[in-house]
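Below is one structure, written out as structure tokens; comments come after it.
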Amino acid sequence: MVDLARKKSPWAFHLCAGGGCNGCDIEVVAAEGPKFDPERLGIQFKNSPKHADVIIVTDAITKKNKKAFIEVYNQAPEPKVVVAVGNCAITGEMFRGLYGIAGTPDKLIPVDVYVPGCPPRPQAIIEGIRKAVELLGGKREK
Amino acid sequence: MGLLKAVMSRALKPFTKSEKMPLAPEGFRGKIVYEPEKCIGCGLCVRFCPSTTIKMKPNRKILLNLTECCYCGTCEEVCPTKCIRLTREYNLVTTNKKSKELTVE
């Protein structure tokens with residue numbers, strides 16, 4: 001019964017790690033609106049990590065933000081999936097190797113789905129969330 | 001009426017199963033396509049790439065990674081033989097970031 005709710009109506013939370021141009025954050029906010037409608041697939045965006053099934057991560061991790069990032073990730077209850085949106089969250093793109101960057105998100109937390117693009121289109125972001133929700137069903141059974 | 005709809009929704013399949021992917025508009029800068037036969041190895045795209053993802057191989061052809069590219073279009077503009085082009089495709093979702101489909105050479 002709870003599995004049906006997780007599969008049909010996942011709750012998403014957007015977490016920005018800080019090291020990027022924020023273009024991907026704007027595309028995620030555009031994907032929440034009525035033009036590219038995520039509610040058709042049952043996805044709702046919430047404001048708190050304690051309510052999250054799906055965590056959407058953008059931008060590379062900065063040295064200042066490392067500790068807070070891990071604490072916010074730990075506050076989300078199991079089972080959860082992580083979607084890395086944008087090239088900065090995958091390899092750090094233009095910012096790789098620079099003085100303020102402490103790495104990409106998948107060095108600190110396990111990432112399930114990657115959505116490349118700079119920035120990716122909102123349709124691609126919603127497709128990535130949909131694929132992650134299919135993986136979420138497999139995690140509960142374990 | 002509301003009760004009838006609630007009961008029917010358990011029996012019928014949902015209308016939307018996945019996101020529709022319409023074609024991107026004309027001039028959209030999407031996935032990169034490279035033709036090594038036309039390339040003359042001049043090195044202009046390597047010099048002008050802002051995210052330094054294009055690299056020159058020992059046989060004077062190029063190698064680039066789609067997760068390090070910023071899709072600016074500069075390499076298409078400066079190429080003298082037009083062997084590198086940006087298409088209108090944007091759906092690159094994957095679960096493996098080291099897959100072969102994300103490198104272009």
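Since every read-out is calculated from the coordinates, none of them should be taken as a lab result. Just so you know, these numbers come straight off a predicted model, no measurement behind them. With ideal geometry, Cβ positions are generated from the backbone for all residues, glycine too; neighbour counts draw on all protein chains shown.
Points worth noting:
- A count restricted to segment A:8-20 and to residues that are without any contact (Cβ under 8 Å) to a residue 40 or more places away in the chain and either of a type in the set (A, V, I, L, M, F, W, C) or not in a helix (DSSP H, G or I) (or both) stands at 1.
- Of residues in segment A:95-135 being touching a Gly at 6+ places or on another chain (Cβ under 9 Å) and free of Cβ contacts under 8 Å to residues at least 24 places away in the same chain, the one farthest from A:F36 (Cα to Cα): A:L98
- Considered as a group, the residues in segment B:46-65 that are of a type in the set (A, V, I, L, M) and surrounded by fewer than 20 Cβ atoms within 10 Å (Cβ to Cβ) include one that is farthest from the other protein chains (Cβ to nearest Cβ), and that residue is B:M56.
- From the list A:G86, A:G138, the lone residue that is without any contact (Cβ under 8 Å) to a residue 24 or more places away in the chain and more than 9 Å from chain B (Cβ to nearest Cβ) is A:G138.
- Looking across segment B:88-105, just one residue is more than 7 Å from every other protein chain (Cβ to nearest Cβ), closer than 25 Å to B:P22 by Cα and more than 14 Å from the chain's Cα centre (by Cα), and that is B:N96.
- Complete set of residues in segment A:59-68 that are surrounded by fewer than 20 Cβ atoms within 10 Å (Cβ to Cβ) and in contact with a strand residue (DSSP E or B) (Cβ under 8 Å, 6 or more places away or on another chain): A:T62, A:K63, A:K64, A:N65, A:K66
- Restricting attention to segment A:105-131, the residues that are at the interface with chain B (Cβ under 7 Å from one of its Cβ atoms), surrounded by fewer than 24 Cβ atoms within 10 Å (Cβ to Cβ) and not hydrophobic (A, V, I, L, M, F, W, C) add up to 6.
- Failed condition for A:R40, given (1) surrounded by fewer than 12 Cβ atoms within 10 Å (Cβ to Cβ); (2) closer than 20 Å to A:K7 by Cα: (1)
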